[in-house]
1. If contacts are Cα pairs under 8 angstrom and at least 6 residues apart, what is the relative contact order of the chain in percent?
2. Work from the charge dipole of the chain (Cβ charges, +1 for Lys and Arg, -1 for Asp and Glu, about the Cα centre) and give the residue of I153, I447, S348 farthest towards its positive end.
3. Count the net charge of all other residues whose Cβ sits under 11 Å from the Cβ of G124, scoring Lys and Arg as +1 and Asp and Glu as -1.
4. Charges only on Cβ, +1 for Lys and Arg, -1 for Asp and Glu: so what's the dipole of the range 154-301 about the Cα centre, in debye to the nearest 20?
5. Through the Karplus equation 6.51 cos²θ - 1.76 cosθ + 1.60, θ set to phi - 60°, convert the phi angles of the range 284-298 into ³J(HN,Hα) values in whole Hz; use x for Gly and Pro.
6. Would you list the P(r) distribution for the range 390-480, with all Cα-Cα distances sorted into 10 Å bins from 0 and each bin expressed as a whole %?
7. If the viscosity is 0.692 mPa s and the temperature 37 °C, what translational diffusion coefficient in µm²/s does Stokes-Einstein give for the range 254-383 when Rh comes from Kirkwood over Cα pairs?
8. Which of L377, T75, L15 sits farthest toward the positive end of the charge dipole of the chain, with +1 on the Cβ of Lys and Arg and -1 on the Cβ of Asp and Glu?
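The values are calculated or read from the model by the stated rules, or taken from the named source; none is laboratory data. The shown structure was predicted, so the numbers you read here are calculated from the model rather than taken from an experiment. A quick note on method: Cβ atoms are made from the backbone with ideal geometry, for glycine too, and the neighbour counts reach across all protein chains shown. When the accessible area is computed, the model is the full protein with side chains, heavy atoms only, and any ligands, DNA or RNA have been set aside. Shrake-Rupley method; radii C 1.70, N 1.55, O 1.52, S 1.80 Å.
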Amino acid sequence: MLMGNMSATAQQMILTPGETAGYSKLTTNKQLVDFLKQCDLQSDQMSVNYYPLAEGRLFPVVTFYGNEPLAGKPTVMLLAQQHGNEPSGMEGLSLLIRDLANGLHKDIVANLNLIILPQCNPYGNDFNQRRTAKSIDMNRDHLLMKAEETIIIQQIFDDYRPQFTGDFHEYYPFGNGWQEFGYRRNFDIQLGGLTNINTDQAIRDIFKSEILPWVENGLIKKGYTFFEYTLGDFPSGERLRHSTIDVNDGRQSFGIAGTLSLIVEGMNGRDSLERLQKRSQSQYETALLLLKFASDNADRIQQMSAKAREKLNNPVDSVSIRQDHFRGDDVLNYPLLSLKTLRDTIFSVEAYHPEVKSLLRVYPPKGYFVPVADTLLINWLKCSNFVFSSEIPEGGEFIAYRMGVINSSLLEGIEGSDPEVFKETVNGIQSGSYFYVPVTGIYSHKIIIALEPQSMYGIASYPEFDYLLRQERFPVLRVE
């Protein structure tokens, strides 16, 4: 049985690898690449580039826009399988690629420049594991970028600057805690928007007011269950919240740069093959709904992103570097499947924390000085696509943070550092001793979040860079 909207009169009937196997086997990277080459031959609007990885695997990048992206149209980027044991996003996007290659949905893609990264973690896919060959969780790597696969994703984002992104994942609802509780989540699809409050308010608003109900209504009509992406160990009484505020995941890392950025969380099976056909179809339908929304609102999305990015070029009063989730006025009606009756039970959740508030703000500097001698920091700058140079700006005041006591803080359920800092003026900056990173452009907020020592998700919060906090003076200087 073919999935998607494949026409019987199509020029050539192409099956995805999943369809060919009847969804009884997982698709290998080689099988996916062979399939994409077939599709590429079918369509003059499609092209595929491949980034070589270790052991002969390839990272495919599929585009639908002819020879080059067209001005006046928003660019949409869909990506899947950052986690290798979450295959349904890749399978769903494979169905979408096949249909587009066969000329279907022309009315949708005519208004868009479309980029699809169907398999971001080929090694994890081939070994059915979450992490990369170097045991890196890619969706926790978009700030440090230790994995070459994450670097590729961020480079593609920087090259194309998409205004709309959708990141396809799966969640696992079958843990022991839920089993003992007697209920579990049963949402075929969960959809999450931006939560970091440094992202553009208008972009966050359109997700809540328009995209959420649009996708929900569309999926319910197709017979799927749906909920806004919600995290928390409910059986143990943990608070419920709408995902992370950390810019190290794909969605927030794109969103902090003025992008309408979403995460799709399909429901995994007890293993990667269980119900794979239905799971893949639900991801396919979700991708179509997101593309339809982007197409119908193409001008709005392009203008919204342009305004958000223009704001990033202009000075702002402050940027939040410490945030947390808080309770609002609403009680969450949380439908959970009873494992005994196999019917939904609605739980009224008072420990619902949908609001994100700032705990600490800093005013943006003109830029930062990063020591030339710190090769680890310089390599990170290069991977981050941040602009930097050896020039020393005229008329600036150079400020260092003198480090005080470093306390532990518990935010978002993750233990981190909360250092005391004291500002002091630095004189006698020598030419050639620092690289200058201006705080401007679409990455301006990301730069501040990354380089402030008190930032809860800055680079100094990671073990690789915690040496920055152990010095009497924080090595990265502010230029004010």
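1. Answer for the chain is 15 percent.
2. After comparing all options, I get S348.
3. 0
4. 380
5. Along the range 284-298, the couplings run 4, 5, 5, 4, 4, 5, 5, 5, 5, 4, 4, 5, 5, 10, 4 Hz.
6. Calculated over all Cα pairs of the range 390-480, the distribution is 15, 45, 32, 7, 0 percent.
7. 163
8. Positive-end residue among those listed: L15.
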